[in-house]
Amino acid sequence: MSSLIPEPEDLYLFHEGNLFRSYRMLGAHTGTWNGADGVRFTVWAPHAREVRVVGDFNNWDGSAHAMHRISTWGVWTLFIPEVSEGEYYKYEILTSQGTLIYKADPYGFWAELKPGTASRIYNLDGFEWSDGAWQEKKRTTPVYNAPMNIYEVHLGTWKKREDGSYYTYRELADELVSYVAEMGYTHIELMPLAEHPYDRSWGYQATGYYSVTSRFGTPKDFMYFVDCCHAAGIGVIMDWVPGHFVKDEHGLRQFDGEPLYEYRDEARAEKPEWGTLSFDFTKPEVVSFLISSALFWFDMYHIDGLRVDAVASLLYLNFGKPRELWVKNEHGGDENTEAIAFLKKLNHTVFSAYPDALMMAEDSSAWPLVTAPVHAGGLGFNYKWNMGWMNDMLKYMEMDPYFRGGNHQLLTFSFMYTHAENYVLPLSHDEVVHGKRSLLNKMPGDYWQKFANLRVLYGYMMSHPGKKLLFMGGEFGQFDEWKDLEDLDWEMLGYESHNSMHRYVKDLNHLYLAEPSLWELDHSPEGFSWIDPNDQKQSVTTFMRISKKPEDTLIIVNNFTPVYHERYRIGVPFSGEYVERFNSDAGEYGGSGKLNAGRLKTDGISWHYQQDSLHISLPPLSTVMFKPVRIMPPPAKPAAPKRGRGKADA
């Protein structure tokens, strides 16, 4: 610690909204001052008359530890000798109204285990990282042209001990990381990470924007978890919530006795849909706080990306609000101009520091250019969740197959805009809670058909352009919806159908990793081509995913009805021979075993506007993929092009 008082330049930048590592100035930092070991405490509380530090070290009596106000805009600081790591503390604030309130540190690095609400002194320095090879791989392997298949996890309910207690970060580093790697996922997305008071908020209503939740261990335990992920080739994405915060008394709400982190105008501050408060993006100090929080997780914990929650609620002032709380911006519109400026500044800053970061927008709006660079007029994210695809596909899959033909556009519409943004296709926790039922239980039909429908849904997702995300439990067909206080129903793996689904997802994930056509040109129109989008009568789609090498092309046929087509003709781009690369109807996956054995030879008939075609066996409710193994010149005199309707010989 070079100085008891923060540097004037840092104070100036903080109050300008440009101190992007403000966690180095504010909060509790161990160090030495005038030969004494101790802790420097610094906090922003501009409306306070007095601020004192209370904790274990003074029996929660702050009379001897009054802080000094060091800036016109209300930064207070104090060095206390002989205070050690692990001790609990809060700020005792005398408000302008003369009342005393007690607040946890907004910049606290560690928090008291719930239901306690104090902050804890912690030195984040000293962890020995061993992820240099991983960081170099990220630098030299752009994610846009690489596979990305995300396993979304709620740490508190993935697995629990028999007595109902949590696994620790270090235990999860052993069990969860190896499971994710074995299953063929490339990234893990963690839900409850920033400290939060209520288990059932899932981490989305936070109090600690710099404090990894103490439910599962210490900050360095979490560093160990991330390091193990990277050693196993797994990236780590954190769900991060800059749009709103909880109203709990020890948190940010009226931090110094008056609205500080939130808007003073109640209509702008309130988020009634969640019972939370919106950050006030007009305050430069709030901007410094939030952007510093984002960089903090990259700096200190080596995470690989942030999934920014509820972006639509940031973009629009009146998102989810009753009419009586509606407000307008300075131009008379609904857009939150300060929040939009914040998002652009956030992304610009993160990518300036970490060019290979993942910044993902969970955005349900139709806002344009979400993943365009800021300098090109965009918001500056590099990925956006494709909520339209998710809603259309689940609506389609929940239908009785008899009605699917009349709703064929739900399958095909997403391809009209799939390259408008860099998309992630999400089947997330939001779709399997609050009475929505699990993915498996959404599927129509008898027991066999439910599993077959889920297999074709996953097959369609994996072959559709865009990166992938699946919430935990979906990989083995959890029958009950997610129970956010209990662990997953792992006992289901003892049943043949669920065990077969588990094997199916694992093989599908590894197929995805192995086939460059499924990710190499994900964000380029050249990576996808329809063969036949129009067979709505039979609810079949046929398309190809294209790589830089012709021999890596995959032909993907999806049958969304329980009808078996013994001889279904498809157009193919090359004459020659093809093999079945993957079939969701294989017996080991719980299917009926209607496969395409051996080499399939084209027969010189142009079909679906392709130069050649072949007959395939198309199982019920299936995804089947074919790959060329021998490419030959086209027929000398190809037949006249035909549009075709699939069952040519019917």
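Any read-out appearing in this document is the output of simple, stated calculations on the displayed coordinates, not a laboratory observation. Note that the structure is predicted; figures quoted are calculated from it, not measured. Every residue, glycine as well, gets a Cβ built from its backbone with ideal geometry; the counts of neighbours run over all protein chains shown.
Below are the figures for this structure:
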read-out	value
Relative exposure of S178, S622, S539, judged by other C-beta atoms within 10 Å (fewest first)	S178, S539, S622
Whole-Å distance, taken between Cα centres, linking the stretch 106-141 and the stretch 488-509	34 Å
Mean residue ellipticity (222 nm) of the chain, computed from DSSP H runs ≥ 4 via -39,500 (n - 2.57), nearest 500	-7000 deg cm²/dmol
Prolate/oblate/rounded call for the stretch 157-247, Cα gyration tensor, a/c under 1.5 rounded	prolate
Per-selection metrics, the chain (Cα): Rg and Dmax in Å	27.6, 96
Charge dipole of the stretch 8-120 about the Cα centre (unit charges at C-beta), most positive-ward option of A118, G62, N18	N18
Per residue Cα convex hull volume in Å³ - calculated over the stretch 1-67	103 Å³
Rg/Rh (Cα only; Kirkwood hydrodynamic radius) as it applies to the stretch 288-409	1.08
Cβ-based exposure ranking for T602, T337, T117, T32, in which fewest neighbours within 10 Å come first	T32, T337, T117, T602
The stretch 237-285: C-alpha gyration tensor shape, a/c 1.5 cut-off, then a/b vs b/c	rounded
Reachable aspartates and glutamates from K220, criterion Cα separation under 14 angstrom, eight or more residues apart if same chain	E85, D125, E128, E171, D299
The stretch 180-335, Cα convex hull volume normalised per residue, Å³	133 Å³
For the stretch 8-120: rounded, prolate or oblate by the Cα gyration tensor [a/c cutoff 1.5]	rounded
Cα pair distances in the stretch 210-271, grouped into 10 Å bins until the bin that holds the longest one, percent each	17, 34, 24, 19, 6
The stretch 525-632: Cα Rg divided by the 2.2 N^0.38 Å rule of thumb	1.00
Euclidean distance of C-alpha centroids, the stretch 42-102 and the stretch 326-398, integer Å	38 Å
Residues F471, F127, sorted so that the one with the fewest Cβ neighbours within 10 Å comes first	F127, F471
Dipole magnitude of the chain, debye to nearest 20 (Cβ charges: Lys/Arg +1, Asp/Glu -1, about Cα centre)	2460 debye
Among the listed pairs K247/K395; K159/K436; K90/K344; K395/K483; K160/K450, those beyond 25 Å (Cα-Cα)	K247/K395; K90/K344; K160/K450
Among 49-58, 263-272, the order from most to least packed when residues are scored by Cβ within 10 Å on average	49-58, 263-272
Percent antiparallel among DSSP beta bridges (both partners in the chain, rounded to 5)	75 percent
Peptide ranges 234-244, 196-206 listed from the most packed, as the mean C-beta count within 10 angstrom indicates	234-244, 196-206
